[in-house]
Amino acid sequence: MTSTRAAVLRSAGTPVSIETLALAEPRAGEVRVRILASGVCHSDLHVRDGEWPRPTPIAMGHEGAGVVEAVGPGVRSLAVGRPVALSWLVPCGVCRSCRAGRPWACPDSPSFRHRLSDGATALATAGGEAVLSYCGIGTMAEATVVPEAAAVALPDGVDPAVAALIGCCVSTGVGAVLKTAQVPAGASVAVIGGVGLSCVMGAALAGAARIVAIDRVAAKLDVARSVGATDGLIAGDDRAATIEALRDLTDGGPDVVFEAIGRVGTVELAIESLPVGGTAVLVGMTPFEARASFAVYPLVDGSRRILGSNYGFADPAVDFARYARLHLDGRLPVERLIDRRIGLDGVEAAFDRLRAGVGLRQVVVFD
Ligand SMILES: [Zn+2]
Ligand SMILES: [Zn+2]
């Protein structure tokens, strides 16, 4: 039995509390990971604020990295000391999506139950109350016990904060470009929303000729330029004017547009901006009940496409190390997405900044 401090949500809409919990030893097929960094992602905020109902009490965080500290019986892919990034979607392995080689589309992942594979919880209070782990990994904690498949070995030398982001936002954004949209070299791309900076990086990596970043905040466009955007477009309230300006920058409309906010208005903007043959990729997660509309005739007549992209079509066992190596080679400047490193006590303040749309990625770091 180990003890760990963790950011625990006891009730949606209330602040997380920092609690010291008991952490069970890893059993067969499980590993204990000493967390070194955990990003603060919009998905955590959706849960914290109750927009995505989740069971409680739950240790928050799903974008984490660290080192393997202990392994249970039968673990073959990992040894103690190995740096890992954690995956928030361990595929069930037997459903239709998994059998078809689409683990990112698994609807029956044990990760969605926020428990270990057999339904056990690794965390408990001193009084014996079970505490869930968000997405089965609960990374806003000093340590976590996860299934072997959730801990993915990385090459040595990756900054843990960067490794953490590979676990969610990099895989989601870069994968949306490289895997979902398969953007070809020379294409024109638009990315809506500052959280789409990973999409901008991916588009630069793919060799897109024109990369237009769209945001309401000018400072975020400067960051977008630093990770590969060729143009920045400030979006106002007038959707038609934004579309017009985007068409001017992209010879009639972007080949591929990524919506990375998850708002109905920008989803509709993305679809409306498409030229004939263009593709809108929806990356941003909306509240559950959101519905958007589009004009059907031009979609069909112009062979336009709308694609949903969950987790950037990630196959973590393959993609995490691939993105890490691209980062080490200087081709994915993930460190530029990070603007604050905080302690576990700073999680609520980080949620406040995220809610207000201030700044870039915030990462909880542990000593
Ligand atoms: Zn995330
Ligand atoms: Zn499955």
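The values are calculated or read from the model by the stated rules, or taken from the named source; none is laboratory data. Model, not experiment: these values are computed from the prediction. Note: ideal-geometry Cβ built from the backbone for every residue, glycine included; neighbour counts use all protein chains shown.
Right, ARG115: of a type in the set (D, E, K, R), in a loop (DSSP other than H, G, I, E, B), modelled with pLDDT of 95 or more and within 16 Å of ligand 1 (Cβ to nearest atom) or not?
Details: of a type in the set (D, E, K, R): yes; in a loop (DSSP other than H, G, I, E, B): yes; modelled with pLDDT of 95 or more: yes; within 16 Å of ligand 1 (Cβ to nearest atom): no.
So ARG115 fails the test.
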Item to complete: Check whether at least one residue in region 73-82 is in a strand (DSSP E or B), of a type in the set (Val, Ile, Thr) and either within 16 Å of ligand 1 (Cβ to nearest atom) or without any contact (Cβ under 8 Å) to a residue 24 or more places away in the chain (or both), and report yes or no.
Response: no
Worksheet item: Residue check: is ALA65 surrounded by 16 or more Cβ atoms within 10 Å (Cβ to Cβ) and either under 15 Å from VAL145 (Cα atoms) or β-branched (Val, Ile, Thr) (or both)?
Response: yes
Worksheet item: Hey, among the residues in region 46-63 that are closer than 14 Å to THR139 by Cα and within 10 Å of ligand 1 (Cβ to nearest atom), which one's farthest from the chain's Cα centre (by Cα)?
Response: GLY61
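Yes or no, residue by residue, for (1) farther than 15 Å from ALA163 by Cα; (2) in contact with a Gly (Cβ under 9 Å, 6 or more places away or on another chain); (3) surrounded by 14 or more Cβ atoms within 10 Å (Cβ to Cβ):
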site: ALA280; (1), (2), (3): yes, no, yes
site: TYR311; (1), (2), (3): yes, yes, yes
site: ALA317; (1), (2), (3): no, no, yes
site: GLY357; (1), (2), (3): yes, yes, yes
Worksheet, complete the sentence: The one condition SER38 fails out of (1) surrounded by fewer than 22 Cβ atoms within 10 Å (Cβ to Cβ); (2) of a type in the set (S, T, N, Q); (3) out of contact with any Leu (no Cβ under 7 Å at 6 or more places or on another chain) is (1)
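From the list GLY196, GLY228, pick out the single residue that is at pLDDT below 95, buried (at least 20 other Cβ atoms within 10 Å of the Cβ) and out of contact with any Lys or Arg (no Cβ under 9 Å at 6 or more places or on another chain).
One residue alone meets the criteria, GLY196.
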Fill in: Residues within region 83-112 that are within 13 Å of VAL31 (Cβ to Cβ) and more than 16 Å from ligand 1 (Cβ to nearest atom), tallied
2
Fill in: Selection count, region 251-279, where residues are touching a Lys or Arg at 6+ places or on another chain (Cβ under 6 Å) and β-branched (Val, Ile, Thr)
1
Worksheet entry | Condition check for ARG54: of a type in the set (D, E, K, R), touching an Asp or Glu at 6+ places or on another chain (Cβ under 9 Å) and not in a helix (DSSP H, G or I) | no
Discussion item. Take the residues in region 100-138 that are within 16 Å of ligand 2 (Cβ to nearest atom) and out of contact with any helix residue (DSSP H, G or I) (no Cβ under 9 Å at 6 or more places or on another chain); name whichever of them is nearest to MET1 (Cα to Cα).
Written reply: GLY101
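Against the definition (modelled with pLDDT of 95 or more and surrounded by fewer than 24 Cβ atoms within 10 Å (Cβ to Cβ)), how does ALA181 come out, yes or no?
Details: modelled with pLDDT of 95 or more: yes; surrounded by fewer than 24 Cβ atoms within 10 Å (Cβ to Cβ): no.
So ALA181 fails the test.
Only one of these is among the aliphatic types (A, V, I, L, M), in a helix (DSSP H, G or I) and over 24 Å from the mean Cα position of the chain (by Cα): ALA240, ALA224. Name it.
On the way: ALA224 fails: over 24 Å from the mean Cα position of the chain (by Cα).
That would be ALA240, the only listed residue that is among the aliphatic types (A, V, I, L, M), in a helix (DSSP H, G or I) and over 24 Å from the mean Cα position of the chain (by Cα).
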